[in-house]
Amino acid sequence: MPKVIGLTGGIATGKSTVSELLTAFGFKVVDADIAARKAVAKGTKGLEQVRAAFGDSAITEEGEMDRKYVGEIVFNHPEKRLELNDIVHPIVREIMEEEKQSYLNQGYDVIMDIPLLFENELQNTVDEVWLVYTSESIQIERLNGAKSI
């Protein structure tokens, strides 16, 4: 019977690398970050809800969410961050559940790549949890390297 594994870990610990390796071994990966982008993609109900909550300035001329604009608002106004989460999180969960079920129906083991698995209390949606961990010094090195790109 196919298994659902929750993959989690802190920033710059190597979750993406682990996901790539697991994909090479035949696992199907459902990525929360990709689902979050889909949730507010051009033309979606999620994007329209963002427009309603944050105004027309939250949408670029190309019809996409202005991540910088929305990011500045939610960084400076915690209540707006909660509002954004209330819009995005249910849609992300729906997208991820659909992808997970599709893969399970095809007989695949599924990796649910969810950085905030425990914080969002999603550990009960998986059969087991795998934690990706590295030392703080490697995390800092990776983060500093990412900033210089």
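Computed quantities for the displayed model
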read-out: Among the candidates Gly63, Gly107, residue that is over 30 Å from Gly26 (Cβ atoms), over 16 Å from the mean Cα position of the chain (by Cα) and part of a loop (DSSP other than H, G, I, E, B); value: Gly63
read-out: Selected residue [open to solvent by 90 Å² or more (accessible area, probe 1.4 Å) and under 25 Å from Ser19 (Cα atoms)] from Gln106, Gln101; value: Gln106
read-out: Within the stretch 119-128, considering residues that are part of a loop (DSSP other than H, G, I, E, B) and at pLDDT 95 or above, the one nearest to the chain's Cα centre (by Cα); value: Val126
read-out: Exclusive hit being part of a loop (DSSP other than H, G, I, E, B), open to solvent by 60 Å² or more (accessible area, probe 1.4 Å) and on the phi < 0 side of the Ramachandran plot, set Leu116, Leu131, Leu82; value: Leu116
read-out: Test for Ala35: is it under 22 Å from Leu84 (Cβ atoms) and either in contact with a Leu (Cβ under 9 Å, 6 or more places away or on another chain) or at pLDDT below 95 (or both); value: no
read-out: Number of the condition not met by Tyr69 [criteria: (1) over 19 Å from the mean Cα position of the chain (by Cα); (2) more than 24 Å from Gly43 (Cβ to Cβ)]; value: (2)
read-out: Subset of the stretch 14-55 that is hydroxyl-bearing (Ser, Thr, Tyr) and open to solvent by less than 70 Å² (accessible area, probe 1.4 Å) - its residue that is farthest from the chain's Cα centre (by Cα); value: Thr44
read-out: Selection count, the stretch 5-60, where residues are assigned to a helix (DSSP H, G or I) and either of a type outside the set (Asp, Glu) or in contact with a His (Cβ under 9 Å, 6 or more places away or on another chain) (or both); value: 27
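Residue-wise test of (1) of a type in the set (Gly, Ala, Ser); (2) closer than 30 Å to Pro2 by Cα.
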residue: Ala35; (1), (2): yes, yes
residue: Ala53; (1), (2): yes, no
residue: Ile87; (1), (2): no, no
residue: Val92; (1), (2): no, yes
residue: Phe118; (1), (2): no, yes
residue: Leu131; (1), (2): no, yes
residue: Ile138; (1), (2): no, no
residue: Gly145; (1), (2): yes, no
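Residue-by-condition table, conditions (1) more than 29 Å from Glu141 (Cα to Cα); (2) of a type in the set (Val, Ile, Thr); (3) surrounded by 15 or more Cβ atoms within 10 Å (Cβ to Cβ):
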{"site": "Thr8", "(1), (2), (3)": "no, yes, yes"}
{"site": "Ser57", "(1), (2), (3)": "yes, no, no"}
{"site": "Arg67", "(1), (2), (3)": "no, no, no"}
{"site": "Asp86", "(1), (2), (3)": "yes, no, no"}
{"site": "Val92", "(1), (2), (3)": "yes, yes, yes"}
{"site": "Met96", "(1), (2), (3)": "yes, no, yes"}
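The values are calculated or read from the model by the stated rules, or taken from the named source; none is laboratory data. Please read all numbers here as calculations on a predicted model, not as lab measurements. Glycine also receives a Cβ, built like all others from the backbone with ideal geometry; neighbour counts cover every protein chain displayed. What goes into the accessible areas is simple: the full protein's heavy atoms, side chains included, and nothing from ligands, DNA or RNA. Shrake-Rupley method; radii C 1.70, N 1.55, O 1.52, S 1.80 Å.
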